[in-house]
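Colleague: Dropping the structure in here first, questions after.
A short reminder: the numbers here are calculations on the coordinates, not readings from a lab. All figures in this text were calculated on a predicted structure; none of them were measured in a lab. When we count neighbours, we look across all protein chains shown, and the Cβ atoms used for this are built from the backbone with ideal geometry, even at glycine.
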Amino acid sequence: MDILSITGLILALFAILVGAILKGAGIMALVSAAAFMIVVVGTVAAICIQTPWAVMRRALAIFPWVVRPPARDGRSLIAKMVEWSNTARKQGLLGLEPQIERENDDFMKKVLQLVVDGSEPDSISTVMNVELQSREHADITAAKVFEGMGVYAPTLGIIGAVLGLMAVLQNLADPSRLGHGIAAAFTATVYGIGLANLFFLPVAAKLKLIIQRQSQIREMVIDGMLSIAQGENPRAIEAKLQGYLH
């Protein structure tokens, strides 16, 4: 569980609500069905037009990473690969075959299978780097869905404000409604800018950092498994892989 992300989300909501109270607007000034429809529903509509279904599905799948990132303990992976290296030195690469079925991670299972099959190190490197780049590209593209929502939301907030002002101008004959109407018009702007800068853009940035870290761990796995395939000393492998943890 990422406590920092949860804290940030709570503080973002707290900042807007308390800020509205301190400014004298009140919490109810932020409640607007019209603003919600224009900004939130409009942003979702825009991103649906922009995004293919496969990318959208992946974006929804990785969204929980913001508060619950994938569990990838680099130290335990290094320890596992050092153990595999010791096994390979004693029993040969075929001695690692039972580990394939026990491995839950698809990426590690694939590279382990290539090593057990006796593939050339250059071939293993090529295949796994293509796999790495493909996964990273898919995840970064999915993270950009939230970045796109952060771009559209403020613009739709302005559209909501303009529509609200248009409604106000149609009621100039009734001065008692002008103040409330103008305040309601700018609620959409608050929705758009607030959601973009306190939710959508931070979520996209956080996901990109997590994806970058995952790619770094996978690079470490490739490097470690190549070292095993080449028969390097387990201590040398451990010392080399420790550099990925900094």
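Colleague: Return the distance in nm (one decimal) between the two label points of a simple spin-label model at I21 and K109, each offset 7 Å from Cα along Cα→Cβ.
Modeller: The modelled label-to-label distance comes out at 5.1 nm.
Colleague: Now for a different question. Sort largest first and round to whole Å: the equivalent ellipsoid semi-axes of region 15-109, each the square root of five times a Cα gyration tensor eigenvalue.
Modeller: Working from the Cα gyration tensor, I get semi-axes of 52, 20, 7 Å.
Colleague: So for each of 194-200, 32-38, 86-92 I average, over its residues, the number of other beta carbons within 10 Å; can you give me the resulting order with the highest mean first?
Modeller: 194-200, 32-38, 86-92
Colleague: Sticking with this one: Relative to the present Cα-Cα distance, how much length would full extension add between H246 and I182 at 0.36 nm per residue of separation?
Modeller: 17.7 nm
Colleague: Let me ask another. Give me the extension gain from S76 to L163: residue separation times 0.36 nm, minus the current Cα-Cα distance, reported in nm with one decimal.
Modeller: Details: separation 87, 0.36 × 87 = 31.32 nm, distance 5.64 nm.
Contour length minus Cα-Cα distance gives 25.7 nm.
Colleague: Going by amide H atoms built from the backbone, whose H comes under 5 Å of the H on S32, apart from near neighbours?
Modeller: none
Colleague: Sorted from largest to smallest, which semi-axis lengths in Å does the alpha carbon gyration tensor of region 69-167 give for its equivalent ellipsoid, taking the root of 5 times each eigenvalue?
Modeller: The three semi-axes for region 69-167 are 49, 14, 9 Å.
Colleague: What does the charge count around S5 come to, taking other residues whose C-beta lies under 13 Å from its C-beta (Lys +1, Arg +1, Asp -1, Glu -1)?
Modeller: Here the charged neighbours net out to +1.
Colleague: Tell me the relative contact order for the chain as a rounded percent, counting alpha carbon contacts under 8 Å between residues six or more apart.
Modeller: 32
Colleague: Applying a 10 Å radius around every beta-carbon, put 215-225, 132-142 in order of their mean neighbour count, most first. Each step should come with its number before you reach the end.
Modeller: Values: 215-225: 19.8, 132-142: 15.7.
Order by mean packing, descending: 215-225, 132-142.
Colleague: On to the next question. Would you calculate a helix-derived [θ] at 222 nm for the chain, using -39,500 (n - 2.57) for each DSSP H run of n ≥ 4 and dividing by the full residue count, to the nearest 500?
Modeller: -24500 deg cm²/dmol
Colleague: Sticking with this one: Give the residue from A184, I49, F63 lying farthest towards the positive end of the charge dipole for region 32-245; charges sit on Cβ (+1 for Lys and Arg, -1 for Asp and Glu) and the dipole is referred to the Cα centre.
Modeller: A184
Colleague: In sequence order, what are the phi-derived ³J(HN,Hα) couplings for region 31-37 according to the Karplus relation 6.51 cos²θ - 1.76 cosθ + 1.60 with θ = phi - 60°, rounded to whole Hz, with x for glycine and proline?
Modeller: 8, 8, 5, 5, 5, 4, 4
Colleague: So what J values fall out for region 229-246 if you push phi through Karplus, 6.51 cos²θ - 1.76 cosθ + 1.60 with θ = phi - 60°, rounded to Hz, Gly and Pro as x?
Modeller: Once rounded to whole Hz, the list reads 4, 8, x, 6, 5, x, 5, 5, 4, 4, 5, 5, 6, 4, x, 6, 8, 8.
Colleague: Which residues does a label at A236 reach in region 120-139, if reach means a backbone N under 18 Å from a point 7 Å past the Cα toward the Cβ?
Modeller: In region 120-139, the label zone of A236 (backbone N under 18 Å from the point 7 Å along Cα→Cβ) covers 121-122.
Colleague: If you only keep lysine pairs separated by 8 or more in sequence, or across chains, how many in the chain come under 20 Å at the Cα atoms?
Modeller: Count of close lysine pairs: 6.
Colleague: Also, quick follow-up: From zero outward in steps of 5 Å, how is the percent of C-alpha pairs of the chain spread across the bins?
Modeller: 1, 6, 11, 12, 13, 10, 9, 8, 7, 6, 5, 4, 3, 2, 1, 1, 0, 0, 0
Colleague: Turning to a different aspect of this structure: Which whole-Hz couplings ³J(HN,Hα) result when phi for each residue of region 43-50 is put into the Karplus expression 6.51 cos²θ - 1.76 cosθ + 1.60, θ = phi - 60°, listed in order with x for Gly and Pro?
Modeller: 5, 4, 4, 4, 6, 5, 5, 6
Colleague: Continuing with the same structure: Say we join alpha carbon atoms closer than 10 Å with springs in a Gaussian network model of the chain; which of I182, I62, I78 then has the biggest fluctuation?
Modeller: I182
Colleague: According to a simple spin-label model (label point 7 Å from Cα along Cα-to-Cβ), what is the distance in nm between L11 and Q133?
Modeller: 3.9
Colleague: Search the structure for amide H atoms under 5 Å from the amide H of D2, placed 1.01 Å from N in the peptide plane, and list their residues when 5 or more places away or on another chain.
Modeller: R68
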